[in-house]
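The values are calculated or read from the model by the stated rules, or taken from the named source; none is laboratory data. Quick caveat, the model's predicted, so the values are computed rather than measured. Cβ sites come from the backbone with ideal geometry, for glycine too, and all protein chains shown count toward neighbours. Areas reflect the complete protein model, heavy atoms only, side chains present, ligands, DNA and RNA absent. Shrake-Rupley method; radii C 1.70, N 1.55, O 1.52, S 1.80 Å.
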Amino acid sequence: IAPMQHQHITFNVQDVGQIWPRIEKDFRSRLPLRNLIWKGGITQTPRFVEQLTVKVTVDGEHEGTSDSDSSSKEIMSATMPSLSTNPLLNIYLLETLDTDALDMYKSVIRPRVKNWVSKVSQRKGEEWAIIYLPNAAEIQRMATTTKFLNMRASVFDKLKSDFQTKKDADHVIMLRPDMIESWNTLFLTLRDRTVQALEERVGSMADEIRRLDSNRMMPGWNYCKFFIVKESLVNMYRLMGLNSEALAQYDELEAVYFELLESRRLSWFSKFGGTHPGDDFADLLNDKKRPYHKQMAESSITMFDFRIYLFGRQCQLLIDMGDYNELISRAQRFISSFSKSMREPGTGLSLSFVASWTYSICHNIVEICEGIQVTQAPVDRGQAHNASTVATTRMLSASKAEFLTSARQQLDILGTLYDRLPPKYLRRSNTCIQLPSPLLRSPSESVKAESGNQKDNDAKHLERRYGPYTDAIDSITNPVLTEALASDERFDQIYVRTCEQATQYYLECGRQRFAQVMRGDIAQLFISRQQWQDAARVLAPLIPSTDAKSLGIMDVHLVERMAICEQQLGNTEKCLDYVVCLVSHSQYLDSSSRNMYADMLVDLASNLQSPVQVSSGASLLFSVSDVKAVDREDTLCVAVSLVSVVPKPVMGLKIEALLLAGSGVEGNQLEVLFDASDVVLEPGTNTVHLTTNSVSCPGRFVVRSVTIRMANLNFS
């Protein structure tokens, strides 16, 4: 994730004697400035600045200014002269090579330095320093002669006497390039001068911001100008790495914006926007997508561009701060609120544009989250930090899954508007957005039947509430979506890929059920396309054991889809297993589905070419509660109490019970088979009398098995 650009301060070096090339390497090696204590801004609270990146220019070299930034810098120059463009610290390099340097100082050096100091000291928010390099004779004299004996002052003494007026501020520093202590002293002084300049510059900005804020109710007050000035303070905080203070300034700007929006005093925003090509393709962290600063300076920025720019800057700061929970929370609120704003009357934005934008920004947030590297803690930092790292990783995975689910829902809308999704899919999808049916009318359907006043009234009502909903596909400029909406095949590929990505992140964060739902929707799309083999492939890992007696409602719906796939593929025996499971869990089905699957069970059983044994399904559909001997004079008879969960009567059954009689020694037991034909089992408890032709055998009988034969389908 790229940080905000141009985050550095500038030192400008005035080099009149080609000194800089000799000291440049050593000077730059000690940059950036580190460990500064800064006290400034609105709160005047001391803050620790870890480091400041410094760019050194020589003899007035400055960074180029792009056209997009020039207008905003003109506003800054008009409100606070030179704060936005000039360097923070001006350095004058000086050395004397002659032994008679004092004579040269009075006639040449002093007037030249005086002119330079006079010029730079008048610049608001800038500091200056003179770096003097003594010659060999001066160094020798300072090393061997005390100041008491050396009545003649050096050039360095003269410089301090003439130009260092403040006792608490060192503006004149001697540098001996061969001594580390001298370099350390120099950079301590430069650091102090830098902090002083920062405090003065930020103080001036804060004063100007307070002045503009106090005039908010006055005629001629301009929010865009206020934004530019306040954002300059943001950039200063960014220079010092004070991201929380910078974010607070953006939050205040956002609060003022909403206050003005509520009171309908946003005359600086001429129109809502969102009509340029590429507006539905979000790139939050790219502040160069539009000339935002130029438009802001000219008060020509649209509300759409402004909201995107402001939220993008807030996102970048939250990323730099590592506050990922707040980033996700704000992203969710922004997408929800701004998508609603785009559907307000008067914006002129269609439902398809809003869906395209929402799809794009959800994917953009996911890309941002993927770019976040959650630092793994060393072992010696303890388990608490490791637990926090794991929690953050899970949170990001869950958030990515939710954003992708939202993106998938936008594909539901677009697929319906442009006839890329079968209507039957939308009725059976688990996560599809539900919208008014006239709103989901596709362009091709909008010109068909139901003409007349009622249709016109419906259209006007929907357009007043949601905006235009039938527009050309050319209004969508997101390249992924334009390609997807061009053909069913490409649409399905993008649709399935989005669902699979969401599934992956749901699994990473441990949300197994959500992952199951997304996979179920992929299977439902294949079913709607009559791609039975692909649907069965997706569903197979999701189906729990059909032997389970307590499946949930989601499991039953998956089994229902799998039964349809196996039936269409001609896999009768596999289909039977799923139908048995559905019938046994008919409490999750509506009455028509219950009867349909009960009839399907009978039909499938009658179409079997050879007997099929279903040992596990018997306990799901039928259960034996009791077996009793019935006293009859003419024959042996037992009464079997059977409980059927089939929701309707099942006819034409043959029921058999195998009983064991005799001693318990293996080989001495007598098997006796009892049966009954053309049995009808009603839903609930049934008592069926079974008889046998075997000779009477005294003693106890043990029930070995009960078999229910439904044509060639045997439950035992």
Fill in: Length gained when the stretch V390-K124 is fully extended (0.36 nm per residue, less Cα-Cα span)
90.8 nm
Discussion item. Quick one: 3J(HN,Hα) in Hz for segment 224-240, Karplus 6.51/-1.76/1.60 with θ = phi - 60°, rounded, Gly and Pro as x.
Written reply: 4, 5, 4, 5, 4, 5, 5, 5, 5, 5, 4, 5, 5, 4, 5, 4, 8
Discussion item. So for each of 392-400, 12-20 I average, over its residues, the number of other beta carbons within 10 Å; can you give me the resulting order with the highest mean first?
Written reply: 392-400, 12-20
Worksheet entry | Residue-span extension gain [Q533 to T572] - 0.36 nm each, minus C-alpha spacing | 12.6 nm
Discussion item. Let's test the formula: R0 of 60 Å, r as the Cβ-Cβ distance of R497 and Q613. What FRET efficiency results, to the nearest 0.05?
Written reply: 0.90
Worksheet, complete the sentence: Distance in nm between V58 and S329 label points, each 7 Å along Cα→Cβ, equals 5.1 nm
Worksheet, complete the sentence: Non-local residues with an amide H under 5 Å from the amide H of I130, with H modelled 1.01 Å from N and Pro and chain starts lacking one, are Y92, V172, I173
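Go through K39/K271; K574/K654; K288/K400; K119/K288; K55/K294; K39/K289 and tell me which ones have a Cα-Cα distance over 32 Å in this structure. Let's see the in-between values first.
Details: K39/K271 42 Å; K574/K654 23 Å; K288/K400 25 Å; K119/K288 35 Å; K55/K294 25 Å; K39/K289 36 Å.
Cα-Cα > 32 Å for K39/K271; K119/K288; K39/K289; rest within.
Can you classify segment 486-642 as rounded, prolate or oblate using the Cα gyration tensor, where a ≥ b ≥ c are the square roots of its eigenvalues, rounded means a/c under 1.5, and otherwise it's prolate if a/b beats b/c and oblate if not?
prolate
Can you give the Rg to Rh ratio of segment 328-374, both from alpha-carbon atoms, with Rh computed by the Kirkwood formula? Walk me through the numbers before you get to the answer.
Numbers: Rg = 12.5 Å, Rh = 11.6 Å.
Checking Rg against Rh, the ratio lands at 1.07.
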Item to complete: Could you order peptides 227-234, 239-246, 671-678 by the average number of other Cβ atoms within 10 Å of their residues, highest first?
Response: 227-234, 239-246, 671-678
Worksheet item: Which three lengths, in whole Å and largest first, does segment 256-408 cover when its Cα atoms are put on their principal axes?
Response: 57, 33, 28
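Once you list every other residue whose beta carbon is under 15 Å from the beta carbon of H363, what net charge do they have if Lys and Arg are +1 and Asp and Glu are -1? Please report the intermediate quantities before stating the final value.
Values: positive: K400, R408, R497; negative: D280, D283, E367, E370, E402, E483, E500.
It works out to a net charge of -4.
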Discussion item. Over segment 556-679, what is the relative contact order in percent, taking alpha-carbon pairs closer than 8 angstrom and at least six residues apart?
Written reply: 18 percent
Practice prompt. Using θ = phi - 60° and the Karplus relation 6.51 cos²θ - 1.76 cosθ + 1.60, list the HN-Hα couplings for segment 194-209 in order, rounded to whole Hz, with x at every Gly or Pro.
Written response: 5, 4, 4, 5, 4, 4, 5, 5, 5, x, 5, 5, 5, 4, 5, 5
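Can you give the FRET efficiency for S591 and R700, using 1/(1 + (r/R0)^6), R0 = 41 Å, r = Cβ-Cβ distance, to the nearest 0.05? Provide the component values of the computation, followed by the final result.
Details: r = 45 Å, r/R0 = 1.09.
Approximately 0.35, to the nearest 0.05.
How much of the accessible area of segment 536-643, in percent, comes from carbon and sulfur atoms when a 1.4 Å probe is used?
46 percent
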Worksheet item: Once the dipole of segment 226-317 is set up with Lys and Arg at +1 and Asp and Glu at -1 on Cβ about the Cα centre, which of F258, F311, H293 lies farthest towards its positive end?
Response: H293
Worksheet item: In the full protein assembly as shown, how much of H585 is accessible to a 1.4 Å probe, in Å² to the nearest 10?
Response: 0 Å²
Worksheet entry | Computed E for N135/F48 - FRET, C-beta separation, R0 45 angstrom, nearest 0.05 | 0.70
Item to complete: Starting from the Cα of E682, step 7 Å along the direction of its Cβ; do the same at A540; then give the gap between the two resulting points in nm.
Response: 4.4 nm
Response to the item:
Farthest towards the positive end of the dipole of segment 174-292, among A282, V229, S182 and with Cβ unit charges of +1 on Lys and Arg and -1 on Asp and Glu, lies the Cα of V229
Discussion item. On a full-extension model of 0.36 nm per residue, what is the gain between K654 and S623, subtracting their alpha-carbon distance, rounded to one decimal in nm?
Written reply: 9.6 nm
Discussion item. Test of understanding: express the Cα radius of gyration of segment 532-589 as a ratio to 2.2 N^0.38 Å, with N the residue count.
Written reply: 1.01
